[in-house]
Amino acid sequence: MKLPELYFRIRENGAAVFRVDAENRQGRLNLDPLAFANVRSGEIRVQGSRALSEAERAAIKAWIAGRRETLRARDKAGTAAAVEAINAAAHWAQTKASDAEIEEVAADLLMAMHDLRTVLVRRQAEATEKS
């Protein structure tokens, strides 16, 4: 099995980047801390006195770009799941929910839907103004 040169431990804002070292006297796999990659800002912060080669810097930048795409796809899938959940909630409310169950969830659902509607209408209006 061919090991990668870099390992990315995913964190909330990006990843901790490690250099993979398999060629040592003990024959063990070592992960040497190298840098932190921030997905939002694109910043690469080197740890300590370490130095990044151009190939490592390019690999980290490529990982950031790929991670951004993964997160965009996940957000899009989450939106599709939200549409399905809203439809399922409407069906449940119309066909299966008791009056007590409706009373229990109505305020939270209505506030969340109002918030979503407000954001969507505002964003569509902004887009219309731009074009």
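Okay, here's what the table says:
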| read-out | value |
| --- | --- |
| Index of the failed condition, SER131 passing every other in (1) of a type outside the set (Lys, Arg); (2) over 16 Å from the mean Cα position of the chain (by Cα); (3) at pLDDT 95 or above | (3) |
| Of all residues in region 11-54 being loosely packed, with under 13 Cβ neighbours inside 10 Å, modelled with pLDDT of 90 or more and among the charged types (D, E, K, R), the one that is nearest to the chain's Cα centre (by Cα) | GLU12 |
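Rundown of residues vs (1) of a type in the set (D, E, K, R); (2) farther than 21 Å from LYS2 by Cα; (3) assigned to a loop (DSSP other than H, G, I, E, B), yes/no style:
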position	(1), (2), (3)
VAL20	no, no, no
GLU23	yes, no, yes
ALA37	no, yes, no
SER41	no, yes, yes
ALA51	no, yes, yes
ILE60	no, no, no
ILE64	no, yes, no
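Residues checked against (1) in a helix (DSSP H, G or I); (2) loosely packed, with under 10 Cβ neighbours inside 10 Å; (3) not β-branched (Val, Ile, Thr):
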| site | (1), (2), (3) |
| --- | --- |
| ARG72 | yes, no, yes |
| ILE86 | yes, no, no |
| ALA93 | yes, no, yes |
| VAL105 | yes, no, no |
| ASP108 | yes, yes, yes |
| MET111 | yes, no, yes |
| LEU116 | yes, no, yes |
| ARG122 | yes, no, yes |
| ALA127 | yes, yes, yes |
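The values are calculated or read from the model by the stated rules, or taken from the named source; none is laboratory data. Please read these numbers as outputs of a predicted model, since none were measured by experiment. Because the Cβ atoms are built from the backbone with ideal geometry, glycine has one as well, and the counts that use them run over all protein chains shown.
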